[in-house]
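Notes for the one structure printed next.
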Amino acid sequence: MRTAFIDQLIKEAAVNDKIFLLVGDLGFSVVEPFAEAFPERFLNVGIAEQNMAGIAAGLAIEGYFVYIYSIANFPTLRCMEQIRYDICYHNLNVKVIAVGGGYAYGPLGPSHHATEELGMLRTIPNMVVAVPGDPVEAKAITTFSARYNGPMYIRLGKAGEPLVHAADAITEIKLGEILKVVEGAEIAVFSTGAMLKYVADFINHNNINASVYSFPFVKPIDQGLLASLLAKYKKIITIEEHQMSAGFGSAILEHTNDFLNDRILHNAPAIKRIAIPDKFFSISGSQKYLREAAGIILQTKDFE
């Protein structure tokens, strides 16, 4: 996903001379093409993510479309205060790009696991939270971000994620859009982020008659479409590489409750959340190994 992001950002920067990229002393072998193409709009601020957020805010005040880029936990958990006060409070045009969300950097241990930031960021006013499911979605969201004026968080995978959508299936994406991946019967899986390929493969390999939807936005979510999906299915399964508390599944439950209170819905489907339980996994290993250890898996009995 990170390659899809940087490739598309270069295309956007070629037509928008206000796009500026800041990195926190990483991204080598990924960001060099941008730095070479636009050296006057690229800066490595060093291992100083809080300072990077402040610099981004200053550049945004001067009219730049600023992107800050680092391993997922560093530009988020480390500088949440700067994101809240410097960027979101002033509604500035800064995009926080996190590479390696969830357990993508699993071998480096809990210090590099980003599994709480969606919940933290979606509570901050003015912040859009985007979690593309594959490189096609990442490319479309990058294009969207270059035209969106305001704070935005984009959680990417690490590298090498396979395509789920056809390469040219999504040319543009709308704020809050929900994407249908598989059409099925009375049960639907709502997936966000890099779990999408796993979900689609599980449904296909087990010949399960269920729908699959990708949610490239955790905040906001298209209210009209979400309400129609909640009315359509008898059971919803949400799955995410994030803590169960305050994450994507929580957002779906909140919207469902609000729809019921506002009489937009008269009945709610059963909703099962699959996410990380309320604990740290103080182990190192592959992303797949950590997902399984945390119980972020589907089972055929979920569809009975």
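The values are calculated or read from the model by the stated rules, or taken from the named source; none is laboratory data. Just so we're clear, the structure is a prediction, and the values are computed from it rather than from any experiment. Quick reminder, even Gly has a Cβ in these numbers, built from the backbone with ideal geometry, and neighbours come from all protein chains shown.
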Hey, any hits in the stretch 17-28 for a residue that's surrounded by fewer than 19 Cβ atoms within 10 Å (Cβ to Cβ) and small (Gly, Ala, Ser)?
no
Might you let me know whether the stretch 176-185 holds any residue that is in contact with a Leu (Cβ under 8 Å, 6 or more places away or on another chain), buried (at least 18 other Cβ atoms within 10 Å of the Cβ), of a type in the set (A, V, I, L, M) and at pLDDT below 95?
no
Looking at (1) modelled with pLDDT of 95 or more; (2) under 18 Å from the mean Cα position of the chain (by Cα); (3) not charged (D, E, K, R), which is the one condition that is false for Ala37?
(2)
Answer with yes or no whether Ser214 is under 18 Å from Ala275 (Cβ atoms), crowded, with 22+ Cβ neighbours inside 10 Å and hydroxyl-bearing (Ser, Thr, Tyr).
yes
The strands (runs of 3 or more DSSP E) lying entirely within the stretch 189-304 that contain at least 3 residues which are free of Cβ contacts under 8 Å to residues at least 40 places away in the same chain are 211-214, 270-276
Note: among Asn91, Asn73, just one is in contact (Cβ under 8 Å) with a residue 60 or more places away in the chain, over 20 Å from Lys139 (Cβ atoms) and within 22 Å of the chain's Cα centre (by Cα), namely Asn91
Residue in the stretch 81-97 that is at pLDDT 95 or above, under 18 Å from Gly193 (Cα atoms) and in contact with a Ser or Thr (Cβ under 7 Å, 6 or more places away or on another chain) present
yes
Against the conditions (1) touching a Leu at 6+ places or on another chain (Cβ under 8 Å); (2) small (Gly, Ala, Ser); (3) in contact (Cβ under 8 Å) with a residue 40 or more places away in the chain, where does Ala104 fall short? Just the number, please.
(1)
Could you say which residue among Lys272, Lys279, Lys288 is over 14 Å from Thr192 (Cα atoms), of a type outside the set (S, T, N, Q) and touching a Phe, Trp or Tyr at 6+ places or on another chain (Cβ under 9 Å)?
Lys288
